[in-house]
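One structure is given here, and the rest of the page talks about it.
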Amino acid sequence: MGRSRGGLTTKIHALADALGRPIRLMLSPGQAYDGHTAEQLLTALPEGCRLLADRAYDSNAIRALLAAQGAEAVIPSMPQRNPVIPHDREAYKARNMVERFFNKLKHFRAVATRYDKRDDNYLASVQLASIRIWLRSYEAVT
């Protein structure tokens, strides 16, 4: 995907449900702007849902896309945005479920160290790890 002095760089973009399980996954080069991939990722959101995203996804285009789909954007504004768009701070606290998903994903060695050189093989590794995360959510805890 992307190349820097450190080697191959790749960003994993995930759309997750309220339990932190992945719904859609996409890759982008490490140096690319997050908003372009987000527009492709968010094309089929159900009406009435809430998107909890970090500041990297704060753009007028993404907010307009969400409004057109009938979804609510819970995205903090970038510091330089004027005027600042308010967001629901209590709802935003639930975004840690997505961070927990990425933490679980990093436990898979092939994903964390990016063994695969081709992006389609790497995406397959990420998807296989995501399947295992989904299956773990159905395991009995007791």
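The values are calculated or read from the model by the stated rules, or taken from the named source; none is laboratory data. Being a predicted model, the structure only gives us computed values, none of them experimental. Cβ: placed from backbone, ideal geometry, glycine included. Neighbour counts: every protein chain shown.
Annotation note: of 114, 55, 95, 100, the sole residue that is touching a residue at least 60 places away in the same chain (Cβ under 8 Å) and within 14 Å of the chain's Cα centre (by Cα) is 100. Screening 129, 124, 140, 91 for residues that are under 22 Å from residue 50 (Cα atoms), of a type in the set (A, V, I, L, M, F, W, C) and either exposed (fewer than 12 other Cβ atoms within 10 Å of the Cβ) or at pLDDT 90 or above (or both) leaves exactly one candidate, 91.
Among the candidates 120, 116, 88, the residue that is touching a Phe, Trp or Tyr at 6+ places or on another chain (Cβ under 7 Å) and either of a type in the set (Asp, Glu) or closer than 29 Å to residue 47 by Cα (or both) is uniquely 116. Considering the stretch 24-54, the residues that are charged (D, E, K, R) and under 23 Å from residue 88 (Cα atoms) include one that is surrounded by the most Cβ atoms within 10 Å (Cβ to Cβ), namely 34. Just checking, which of 114, 100, 81 is in a helix (DSSP H, G or I) and not aromatic (Phe, Trp, Tyr)? Going through 114, 100, 81 in turn, the sole match is 100. Of the set (1) surrounded by 14 or more Cβ atoms within 10 Å (Cβ to Cβ); (2) within 12 Å of the chain's Cα centre (by Cα); (3) touching a residue at least 24 places away in the same chain (Cβ under 8 Å); (4) under 24 Å from residue 122 (Cβ atoms), all apply to residue 10 but (2). Restricting attention to the stretch 55-72 and to residues that are part of a loop (DSSP other than H, G, I, E, B) and touching a Cys at 6+ places or on another chain (Cβ under 9 Å), the residue that is surrounded by the fewest Cβ atoms within 10 Å (Cβ to Cβ) turns out to be 70. With the condition kept exactly as written, say whether any residue in the stretch 85-93 is assigned to a helix (DSSP H, G or I) and of a type in the set (Ser, Thr, Tyr). The answer is yes; a qualifying residue exists.
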